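Down below is the structure, laid out as structure tokens.
The values are calculated or read from the model by the stated rules, or taken from the named source; none is laboratory data. A quick note: this is a predicted structure, and the numbers were derived from the prediction, not measured. Every residue, glycine among them, receives a Cβ derived from its backbone with ideal geometry; neighbour counts consider all protein chains shown. Ligands, DNA and RNA are excluded from the accessible area calculation, which covers all protein heavy atoms including side chains. Shrake-Rupley method; radii C 1.70, N 1.55, O 1.52, S 1.80 Å.
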Amino acid sequence: MAVPKHKASKMQTNSRFANFKVKKPTINECSQCHEFVQSHRICKHCGYYDGVQKISVEKEKVE
């Protein structure tokens, strides 16, 4: 089993965890309605994914 020969300093330990960053989600344009949609998701505005309608989306009536 691997065992370290020397104690890892606080700087080594902390710098290993300092490289973790949260990335922004990739946003693309929908090919049908041209709204911005997160990658690999069904468009909430028109219901299309990869050029095929997956869900039917009804427009709300504003009175």
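Could you please give the count of residues in the range 28-40 that are assigned to a loop (DSSP other than H, G, I, E, B) and open to solvent by less than 100 Å² (accessible area, probe 1.4 Å)? Residues that pass the stated criteria total 6. Residues of the range 46-63 being of a type outside the set (V, I, T) and either in a strand (DSSP E or B) or open to solvent by 90 Å² or more (accessible area, probe 1.4 Å) (or both), which ones? Within the range 46-63, Y48, Y49, D50, Q53, K54, S56, E58, K59, E60, K61, E63 qualify.
Pairs meeting the criteria (first residue in the range 14-27 and over 30 Å from R41 (Cβ atoms) and open to solvent by 100 Å² or more (accessible area, probe 1.4 Å), second residue part of a loop (DSSP other than H, G, I, E, B) and at pLDDT 90 or above, beta carbons under 7 Å, at least 6 apart or on different chains) are lacking.
Can you spot a residue in the range 4-11 that is assigned to a loop (DSSP other than H, G, I, E, B) and either closer than 30 Å to Q53 by Cα or open to solvent by less than 100 Å² (accessible area, probe 1.4 Å) (or both)? Yes, the conditions are met somewhere in the range 4-11.
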